[in-house]
1. Which residues make up the longest stretch of chain A clear of chymotrypsin sites (Phe, Trp or Tyr not before Pro) that lie in a DSSP loop with no more than 15 other Cβ atoms within 10 Å, not counting the sites?
2. How big is the gap, in Å, between the Cα center of region A:1-52 and the Cα center of region B:27-49?
3. I'd like the distance separating the alpha-carbon centroids of region A:112-190 and region A:57-106, in whole Å.
4. Hey, which residue of A has the C-beta nearest the axis mapping A onto B, and what's the distance in Å?
5. Take the alpha carbon gyration tensor of region A:14-64, find the square roots of its eigenvalues, order them as a ≥ b ≥ c, and report rounded if a/c is under 1.5; if not, report prolate when a/b exceeds b/c, else oblate.
6. Using the Cα gyration tensor of the protein assembly as shown, with a ≥ b ≥ c the square roots of its eigenvalues, what is the shape: rounded (a/c below 1.5), prolate (a/b larger than b/c) or oblate (neither)?
7. Work out which GluC sites (Glu not before Pro) in chain A are exposed loop sites (DSSP not H, G, I, E or B, at most 11 other Cβ within 10 Å) and give the longest gap free of them.
8. Along the Cα-to-Cβ line of B:Met42, 7 Å from the Cα, sits a label point; which residues in region A:89-127 have backbone N less than 14 Å from it?
2 protein chains.
Amino acid sequence: MLTELARKNRSYRRYDERVRITPRQLERWIGLTRFCASGRNMQPLKYAATADAIVNEQIFGQLAWAGYLTDWKGPAAGERPAAYIAILLDRSISGQYYCDDGIAAQTILLGAVEEGYGGCILGSVNRSRVSEILELPGHLEILWVIALGKPAETVVIEELAGTDIRYWRDAEGVHHVPKRPTDELIVCMK
Amino acid sequence: MLTELARKNRSYRRYDERVRITPRQLERWIGLTRFCASGRNMQPLKYAATADAIVNEQIFGQLAWAGYLTDWKGPAAGERPAAYIAILLDRSISGQYYCDDGIAAQTILLGAVEEGYGGCILGSVNRSRVSEILELPGHLEILWVIALGKPAETVVIEELAGTDIRYWRDAEGVHHVPKRPTDELIVCMK
């Protein structure tokens, strides 16, 4: 069951933009992070989210997509995300967040995938502009932005052969992602 | 379903040590990380694991448990982990791992929880000693150690009231973890 969910949870970058996401859904997925482990239980992560078409468009302009697809400018109108969740570090709580960010990002995405949506964690973000758009106070630092929507592309995992980990898109628009085999991941088993 | 799994996935620190974990199980849980997102798809994380009682005992001596429970020295004999997974950064691939570590840790733990086990992510680790015990080459850096076993304690989530995020254990040995309410986590919803 989790295996199926983990498999379905690909980094999707093209969506059916007609399928909206509601603030209620975003709240539900963010709410899952309440149950997540947090280093020293500090819980310094906060969240800013938008399902608003106008705000979404502003955010979209501040993101860079799929570094390896050099001749692709990112999703076109009609295939853009229906929502975004920015993962924030609340520096008034702590400057340290251990691995809380990845725990939260994965949990949010698995929640979305379970409901038939999907997303992509973006690190190439104009953080100062997104902070302005979302009117975030200075103590909230944007770590990552998760784009969310109804996936409208096929993403397939391939066995990595060699060392070229770059994903690529074929003539039919299928997105291929080379992943290391499990026996390469495990360097020691006692 | 995921909500139930996320709720069950507490940081457990006492286990029924009679219940063993097999290398096959560890491989399965680590194998889930193949399906995880990775920044720039670099996949720089590797894993070292042990389900061996003697190695486990050596690792156990290199860990510090539950910082807030100052009068508790960690799990006693009989309630110690049945296995460990060390999450490693392979510096020969990359020095940068974005939020891959938390994504992997959460995915491994959810896999274990789904099969009736549980664990705890430990950051207070004598990394150089654990590296020696696991005979890790120098390019593999220990990020976190996940302890795993059959949980033998009750962990309850409580609504955080005020600012004291320290977990505590009551007279019956129940472990209480104050968590921020969802509306405190969401600072902006558009």
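Computed from the coordinates by the stated procedures, all read-outs in this text should not be read as laboratory data. Because the structure is a prediction, the values reported are computed rather than measured. Cβ coordinates were reconstructed from backbone atoms using ideal geometry, including for glycine residues, and neighbour counts include every protein chain displayed.
1. Longest run free of exposed loop sites: A:73-190.
2. The two parts, judged by their Cα centres, are 20 Å apart.
3. Their Cα centres are 9 Å away from one another.
4. A:Gly102, 1
5. prolate
6. Oblate is the answer for the protein assembly as shown, as a/c is 1.5 or above yet b/c matches or exceeds a/b.
7. By the stated rule (loop sites, at most 11 other Cβ atoms within 10 Å), A:1-134.
8. A:123-124
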